[in-house]
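Since the structure comes first, as structure tokens, the remarks are kept for the end.
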Amino acid sequence: MYASREDIGYDFGDDSKVGSKPIKPNPNIDGGWAWMIVLSSFLVHILIMGSQMALGILNMEWLEEFNQSRGLTAWVSSLSMGITLIVGPFIGLFISMCGCRKTAIIGGILNALGWMLSAYASNVHYLFLTFGVTAGVGSGMVYLPAVVMVGQYFQKRRALAQGLSTTGTGFGAFLMTALLKYLCTEFGWRNAMFIQGAISLNLCVCGALMRPLFPKDVVSEKHVVRSNSEDNQAKALSHSAETIKSSGVLSEEPEKKEEATNEEVLDSVQHIEIGGKSRSGKSMYGLRILKTVSQLTVTVRNGFAIWYSSYFGAASLFTNRVFVAFIIWALFAYSSFVIPFIHLPEIVKQYNLSSQNNIFPLTSIIAIVHIFGKVILGIISDLPCISTWNVFLMANFTLVTCILTLPLMQTYVTLAVVCALIGFSSGYFSLMPVVTEDLVGTKHLANAYGIIICANGISALLGPPFAGWIYDMTHKYDFSFYISGLLYMVGIIFLLIQPCIQKKQPREKSTEEAQV
């Protein structure tokens, strides 16, 4: 999504000018430090997505503390979940300019700050700003780099790596539900949020592990050129500028002339700075400022161009009717998965099942089975005789059936069975990148998936408050599940009435072309 040619693990040089130096694969691709990236992404999913799936515990505390309507209170959780996904396309701008590591560290600090400030909330509207917006934006700034870095460090084992890292969501939902329940019982919800904020500072450690891939050979080749052609230093400097420009990710023609001008300024400043040691300190200080400003200008412009072309240069995607139907599906689907996590604790309380739920919470059942659902559905979809598209649709049909039947279950055992089915069928989330690639191809995969995630964020933002608003009107959660389930079914029908997408063969072909 944001990777240059160096980011995918190969060092490029101009063999026609430098020599016949072979291209060596980066040893960290599919091994070495790549597994530390998977660990970092796994912990990010635990601390961010897992914590968000456990917000039903805090939602009950906020209802008792502030005595507000369920619809208004649910906005706190939905804002945090929705903003985490909605800001994804805009966080790409920070990644393009600052890199994944700095973006994730800043996001970790912002997320922890949101949790800690929420401990001093005097009303629900205060939580909108501190927890919904501040913690939500911070979560988005960590979540997107965690996904991008795994894609950069893995080529052959990318599906396995993404699968392992995203299982952190299920583990996190199970662990964070138990942790928040314990903290709220022992210390109260305010101290629980403050402690959780301190724990969230570990996101900065996860960000620090996101070590970028550096183009080592490009730098060494420039030194070889300069040492072997001292009599023709101007040509070497020109070649260096061309190498820098060719190894960047910006390839649009309108930007070439301006970028070349800035590279010439940088090279000239470096040349003057090396040869002007005898000049006064003020002159050197001015040259350093000029060099810094030039570098910052190039970085900001290139980063903005990459971001703009990635998300606003893909208008042709919307001419694909199946992809438009996929977006409509995403707008309704994610809320049906989020609503049970937010409102199940209160439903259990209304059915007088709290004693049984305290032993093994229903949300934990969803989280645990969700882990196995991702792995098993991924294995099934990789079988040569099975269509990924059919597995995806069957999982969606199972999930929407569970959402529609959940209000009819009023015992702990029946609720546990339905929740287990919800957890397993929701494992189709691991198939979404594959289905998206089948729809638009490898070339537009990053842009299309960013749009789908943004649509999921809108769904998560509006779903829980809508369910709470329906409860305030009817004093039952039944209609919330019925309406969300019917809207979810409408999204599935939109997928069915569109032309069938291509099966696995086109996807495998596009993957090979991308590797070439």
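The values are calculated or read from the model by the stated rules, or taken from the named source; none is laboratory data. Because the structure is predicted, anything quoted here is derived from the model rather than measured. Cβ atoms come from the backbone with ideal geometry, glycine included; neighbour counts cover every protein chain shown. The protein model used for the area step is the full one, side chains on, heavy atoms only, and it has no ligands, DNA or RNA in it. Shrake-Rupley method; radii C 1.70, N 1.55, O 1.52, S 1.80 Å.
Before we move on, is L79 in contact (Cβ under 8 Å) with a residue 24 or more places away in the chain, of a type outside the set (S, T, N, Q) and open to solvent by less than 10 Å² (accessible area, probe 1.4 Å)? No.
Here is a yes/no grid of residues against (1) among the basic types (K, R); (2) within 22 Å of I199 (Cα to Cα); (3) open to solvent by 20 Å² or more (accessible area, probe 1.4 Å):
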site: L93; (1), (2), (3): no, no, yes
site: G107; (1), (2), (3): no, yes, no
site: L113; (1), (2), (3): no, yes, yes
site: L117; (1), (2), (3): no, yes, yes
site: V133; (1), (2), (3): no, yes, yes
site: K156; (1), (2), (3): yes, no, yes
site: L160; (1), (2), (3): no, no, yes
site: T167; (1), (2), (3): no, yes, no
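At least 1 residues being more than 23 Å from I493 (Cα to Cα) and among the β-branched types (V, I, T) is the threshold, and among the helices (runs of 4 or more DSSP H) wholly inside the stretch 393-476 those reaching it are 412-425, 445-474. Per this entry, T177 is counted among residues that are modelled with pLDDT of 85 or more and surrounded by 23 or more Cβ atoms within 10 Å (Cβ to Cβ). When each of M394, M432 is tested for being assigned by the TED database to the domain that holds F326 and open to solvent by 30 Å² or more (accessible area, probe 1.4 Å), the lone residue that passes is M394.
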